[in-house]
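The values are calculated or read from the model by the stated rules, or taken from the named source; none is laboratory data. Bear in mind that the values here come from a model prediction, so they are computed numbers and not experimental data. Here the Cβ is made from the backbone with ideal geometry for all residues, glycine too, and neighbour counts use every protein chain on show.
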Amino acid sequence: MADVIERERIEAIIKASIGQLISADLEDDLWQVNIRIPKNIDARLRALKSAFPGMHLVKRNGSDIWVAIPANKDGRRSGRGTGSRRALMSNLPKAAVTPEAREMLLQRIVELYESFFDEPGEVMRLDDQHYRLTFAGDMIYPYQHPLIALLPSLIPDLTPVAVSTEHFGTQKRTTIYLSTADERPKGPGHGIAVFIDGSHRDGVGAYGVCYYRGGHPTGYLVGAVNGLDSNATELMAFLQALAHLDDTAQNVTLYTDSTYVLEWTKGEGRRWMERAISRHITVNVQLIKRDANPSAHQLAYNFLNRLLV
């Protein structure tokens, strides 16, 4: 049983942010592991060695890597709760109990992210309980991005309470807000829910998309496009919501206060729904009243105001 648990831990860490696990076999107290790493191979191997200090490289052939990892003989698992996704870098501070220590740890995480994904980032301490990570680029899949998955293990005394991706023309930016308390607003308690809305003024349309899973937000998306009318803005919110779902989303309830969007999905937009189904994503579109959609409305409305001021 201990061997099964340890293999699951190795697999979880590799899949989270290293690459694809091809095989992992226990031979004479060594795990012989074959990994396929798509890019940034040296940086990811360093991170893997931080998670498994006794690891050594056996063979390397392009993106196919073979490593040996000493088995954990006592069979105990490290970490708490999310042990299978514990920190990749064992030399990170173990107890981020002061604001300065948290800020230093977040800076190390940003550096690790940059080495993996070639995207710069920055850390800001808003106050002693709230922190912000900002990265260039779009964290397209709110449910599966490895950094989001690893944060609770990397720094367990901070909770990601909001993830927001903004589009400024061709430039994109993602912001992760963290808090020492769980301040996430509640959504529908079961399954995956997506709330969308649009806001339009002076020839500019802004859209807002809120993703919820199990009652908690997993990501926010905002953006703006010139030359849209109100209906086109609402429709853009719908299309962006679909584009940012990954295949693990599967059954999704999408809430909109636009009758135009609802009717469009039943007619001309049916092919977009079918494209989602081809990705194993089933979307159920439901019409709600405007006052039942405050989160997406405020995202779109506030983003538009920022652009037009």
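Descriptive notes on the structure:
- Residue count for region 151-174 satisfying the condition of being in contact with a strand residue (DSSP E or B) (Cβ under 6 Å, 6 or more places away or on another chain) and more than 15 Å from residue 208 (Cα to Cα): 5.
- Where a residue in region 186-201 is closer than 9 Å to residue 253 by Cβ and its partner, wherever it lies, is surrounded by 14 or more Cβ atoms within 10 Å (Cβ to Cβ) and of a type in the set (Phe, Trp, Tyr), with Cβ under 6 Å and at least six apart: 193/212; 194/211
- Figure legend. Inter-residue proximity from region 25-46: first residues at positive phi, second residues surrounded by 15 or more Cβ atoms within 10 Å (Cβ to Cβ) and among the aromatic types (Phe, Trp, Tyr), beta-carbon distance below 9 Å, spacing 6+ or different chains. Indicated pairs: 40/116; 40/117.
- Flag if residue 201 is touching a strand residue (DSSP E or B) at 6+ places or on another chain (Cβ under 9 Å) and closer than 25 Å to residue 289 by Cβ: no
- Considering (1) more than 23 Å from residue 123 (Cβ to Cβ); (2) more than 19 Å from the chain's Cα centre (by Cα), the lone condition that residue 186 does not fulfil carries the number (2).
- The single condition from (1) polar (S, T, N, Q); (2) without any contact (Cβ under 8 Å) to a residue 40 or more places away in the chain; (3) in contact with a helix residue (DSSP H, G or I) (Cβ under 9 Å, 6 or more places away or on another chain) that residue 153 fails is (2).
- Residues of region 245-268 that are within 25 Å of the chain's Cα centre (by Cα) and either under 27 Å from residue 202 (Cα atoms) or of a type in the set (A, V, I, L, M) (or both): 245, 249, 252, 254, 255, 256.
- Set 26, 30: member being farther than 23 Å from residue 115 by Cβ and in contact with a helix residue (DSSP H, G or I) (Cβ under 8 Å, 6 or more places away or on another chain): 26
- Which listed residue is under 20 Å from residue 185 (Cα atoms) and buried (at least 20 other Cβ atoms within 10 Å of the Cβ), from 304, 235, 254: 254
- Within region 1-40, being at pLDDT 85 or above, loosely packed, with under 13 Cβ neighbours inside 10 Å and either among the basic types (Lys, Arg) or in contact with a strand residue (DSSP E or B) (Cβ under 6 Å, 6 or more places away or on another chain) (or both) holds for 23, 25.
- When residues of region 276-301 are limited to those that are of a type in the set (D, E, K, R) and surrounded by fewer than 12 Cβ atoms within 10 Å (Cβ to Cβ), the one modelled with the highest pLDDT: 289
This table checks each residue for (1) modelled with pLDDT under 90; (2) not in a strand (DSSP E or B).
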site: 153; (1), (2): yes, yes
site: 156; (1), (2): yes, yes
site: 161; (1), (2): yes, no
site: 182; (1), (2): yes, yes
site: 196; (1), (2): no, no
site: 199; (1), (2): no, no
site: 206; (1), (2): no, no
site: 212; (1), (2): yes, no
site: 217; (1), (2): yes, no
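- Test for residue 168: is it closer than 28 Å to residue 205 by Cα and among the aromatic types (Phe, Trp, Tyr): yes
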